[in-house]
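The values are calculated or read from the model by the stated rules, or taken from the named source; none is laboratory data. Remember, predicted model here, so these are calculated numbers, not experimental data. Glycine also receives a Cβ, built like all others from the backbone with ideal geometry; neighbour counts cover every protein chain displayed. Ligands, DNA and RNA are stripped out before the accessible areas are found, and what is left, the full protein with its side chains, is counted by its heavy atoms. Shrake-Rupley method; radii C 1.70, N 1.55, O 1.52, S 1.80 Å.
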Amino acid sequence: TKTGREVAVDGLTMGSSAHLSGDGKRLGYFKEGAFWVLPLDVAAPVARSIARIDMNLTKSFDEEKVWCWGADDRSIFYTQKPKRIPPAATPGPDHPSGAVFDPDSATPAPVQIWELNLATGKTRKASEVDADIRFLQWWKTGSQLFIATVKYWGYPVRVPSSTVLALDPRTGKRRELLRTAGGNQELFTHVSPDGKW
């Protein structure tokens, strides 16, 4: 709005979203199997690919990439669904034939939360949640990650629920802040400006 210049981001991966960094100087997004950063505080912004990410966008593992900026915008946190494909075995001549039966094949796999260091391009698994993750937000004041989850569709549960968890990515410990009944698809967290609420 200050310059009248349009910033275009072409070809976002299906299910991806673009988020502004905390300092307002960069735009991050997923595209072509990688995480990209576009600087906004320069006259001619050029997007840079930070690291390749396993998007899991196959017929069996379509997913929405939920992500947020981390502490001081030095990293990002993003969700990942593990692949559930058994390795193809090569049977020997005396090996009986048969099909591998997986009783949990229809149950959603736990969703993993990974941290990507933007300086090094290295990733590490921060946690794993046995529920659908709908929203992530970094809580600067408490140095924790807020996770909004839904455990409903496809899960073998008698009482569906939605929760907000707080995760300490340094220790992997998490605590439950809020639980509601049912599958709340629009459960998000928003931290007050003073970081107290």
Considering only residues that are assigned to a loop (DSSP other than H, G, I, E, B) and open to solvent by 10 Å² or more (accessible area, probe 1.4 Å), which ones fall in region 13-38?
Thr13, Met14, Gly15, Ser16, Ser17, Ala18, Gly22, Asp23, Gly24, Lys25, Glu32, Gly33
Within the group Thr180, Thr123, which residue is closer than 23 Å to His19 by Cβ and either open to solvent by less than 60 Å² (accessible area, probe 1.4 Å) or out of contact with any Ser or Thr (no Cβ under 6 Å at 6 or more places or on another chain) (or both)?
Thr123
Find all pairs meeting these conditions: Cβ atoms under 7 angstrom apart; at least six residues apart or on different chains; first residue within region 135-152 and open to solvent by 20 Å² or more (accessible area, probe 1.4 Å); second residue part of a strand (DSSP E or B) and among the β-branched types (Val, Ile, Thr).
Phe146/Val164
Which members of region 126-173 meet the condition of being closer than 18 Å to Val66 by Cα, among the small types (Gly, Ala, Ser) and outside any loop (DSSP other than H, G, I, E, B)?
Ala126, Ser127, Ala148, Ser162, Ala166
